[in-house]
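The values are calculated or read from the model by the stated rules, or taken from the named source; none is laboratory data. Please read these numbers as outputs of a predicted model, since none were measured by experiment. Because the Cβ atoms are built from the backbone with ideal geometry, glycine has one as well, and the counts that use them run over all protein chains shown.
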Amino acid sequence: MRKIPIIIDGDPGVDDSFAIALANSCPDFELVALTAVEGNVPAEKTRLNAMGLREALDINCAVAYGAELPLEKAYLSYAEKTHGESGVGTIQWPELKKAPDDRSAWDLIYEEAVKRKGELVLIAIGPLTNIALTLRKYPDFPQYLKRFYIMGGGTFGNVTKQAEFNIWVDPLAAREVFEKLEVHMVGLNVTHASALTEKDFDQMISLCKGENSAIRLLRDLSVFSKRNSLKSGMDNHIIHDALTVASVMDSEVVRYEPYYVYVEDKEGMENVGETVIDLAGQSGNQPNCLVAMEVNQPKFVEMLMEMCRYYATKG
């Protein structure tokens, strides 16, 4: 069976790291590239983390650098309390051996989509700046994309009452993307419902036996996530980005419903960064988004356990 070509665009990130590891463990995926955007931590760190993850997980893929800033908005806040100073908990990368791709993230995304002749699946698990820039430079990009998934938005927020972090960081980019692409949106309403327990983390840690670079990475991330969520009050027990990847891997993990969604991008608005979902169908607009509304939490947790078993067998 032909593998599904995948590009993951993100801002690694603890939960991004779990997501990339999960995608790489899937036998049905060909992980074509990782593209980095500013978000959880500054761009120089998300770029370094994408490079480090490629080598630690032994992924045969390109890494391309993307946007350093949102399209227009002044950047206001990072998320080191959740992700650690480096962005990946307590992990420090050894000297990296591979170089990044010469192309920008948006050029790589477009060129690989054209090369894959409409079969590429794009998963964006950070702010949507790189995707908006792809669409601005290449207006025909949508015709070359099979499906598009994001972690972002939802029915409530985590930066403000209405706004989720990835959308809030660059609401203009998000608005443009929602206007031009059909979005599969995995938002906070389902990621919070998929939260792991202390017992789940203990099981993941126990499965991460061995000393290969991938299993050490997962063990360190699991230990950090357990400690940071249960002792420090952060939300590291919610593996937001990995749920998005899991929903691509298995259609039974998340149930989507079609709705019209727009993003409030005007600075000064109380709900700037909100993904406004027309749940009642009152706007008169056709659905442009498949919104994740329910999650099979036990299945998702088992997929994370299976991921740990996969890397534990790598010697």
Quiz item: Among the residues of segment 151-168, which ones are among the β-branched types (Val, Ile, Thr) and either under 13 Å from ASN288 (Cβ atoms) or at pLDDT below 95 (or both)?
Solution: VAL159, THR160
Quiz item: For residues in segment 263-276 being touching a residue at least 60 places away in the same chain (Cβ under 8 Å) and touching a strand residue (DSSP E or B) at 6+ places or on another chain (Cβ under 8 Å), which is surrounded by the fewest Cβ atoms within 10 Å (Cβ to Cβ)?
Solution: GLU264
Practice problem: Report yes if ASP265 is closer than 29 Å to ARG175 by Cα and assigned to a helix (DSSP H, G or I), otherwise no. | Solution: no
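Taking the conditions exactly as written (in a helix (DSSP H, G or I) and either crowded, with 18+ Cβ neighbours inside 10 Å or at pLDDT 95 or above (or both)), does LEU304 satisfy them or not? Working first, answer last.
Numbers: in a helix (DSSP H, G or I): yes; either crowded, with 18+ Cβ neighbours inside 10 Å or at pLDDT 95 or above (or both): yes.
Yes, satisfied.
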Quiz item: So ARG219 clears everything in (1) outside any helix (DSSP H, G or I); (2) in contact with a Lys or Arg (Cβ under 9 Å, 6 or more places away or on another chain) except one condition, right? Which one?
Solution: (1)
Quiz item: Of ALA67, ALA33, which residue is touching a helix residue (DSSP H, G or I) at 6+ places or on another chain (Cβ under 9 Å), at pLDDT 95 or above, closer than 30 Å to ASP265 by Cα and part of a loop (DSSP other than H, G, I, E, B)?
Solution: ALA67
Practice problem: List the number of the failed condition for TYR260; all other conditions in (1) within 25 Å of MET204 (Cα to Cα); (2) more than 20 Å from the chain's Cα centre (by Cα); (3) buried (at least 17 other Cβ atoms within 10 Å of the Cβ) hold. | Solution: (1)
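Would you confirm whether any residue within segment 182-198 is farther than 21 Å from GLU294 by Cα and of a type in the set (A, V, I, L, M, F, W, C)?
For segment 182-198, residues farther than 21 Å from GLU294 by Cα and of a type in the set (A, V, I, L, M, F, W, C): absent.
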Practice problem: Considering every residue within segment 238-245, establish whether at least one is touching a helix residue (DSSP H, G or I) at 6+ places or on another chain (Cβ under 9 Å), of a type in the set (D, E, K, R) and in contact (Cβ under 8 Å) with a residue 24 or more places away in the chain. | Solution: yes
Self-check item: Failed item in (1) in a loop (DSSP other than H, G, I, E, B); (2) crowded, with 18+ Cβ neighbours inside 10 Å, with LEU290 passing the rest
Solution: (1)
Quiz prompt | Flag if ASN228 is of a type outside the set (A, V, I, L, M, F, W, C), part of a helix (DSSP H, G or I) and farther than 24 Å from ILE7 by Cβ | solution = yes
Exercise. List the number of the failed condition for PRO258; all other conditions in (1) within 28 Å of PHE29 (Cβ to Cβ); (2) at pLDDT below 95 hold.
Key: (2)
Quiz item: Out of all the residues in segment 180-207, which are assigned to a helix (DSSP H, G or I), touching a residue at least 12 places away in the same chain (Cβ under 8 Å) and of a type outside the set (A, V, I, L, M)?
Solution: LYS180, ASN189, THR191, HIS192, SER194, GLU198, ASP200, PHE201, ASP202, GLN203
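From the set of residues in segment 157-179 that are under 18 Å from the mean Cα position of the chain (by Cα) and not in a helix (DSSP H, G or I), which is surrounded by the fewest Cβ atoms within 10 Å (Cβ to Cβ)? If you could, list the steps in order and put the result at the bottom.
If we filter segment 157-179 for residues that are under 18 Å from the mean Cα position of the chain (by Cα), which is where we start, we get 157-159, 163-171, 173-175, 177-178.
When the remaining residues are screened for being not in a helix (DSSP H, G or I), the result is 157-159, 163-164, 170.
Details: GLY157: 20, ASN158: 19, VAL159: 17, ALA163: 26, GLU164: 27, ASP170: 31.
Checked segment 157-179; the qualifying residue surrounded by the fewest Cβ atoms within 10 Å (Cβ to Cβ) is VAL159.
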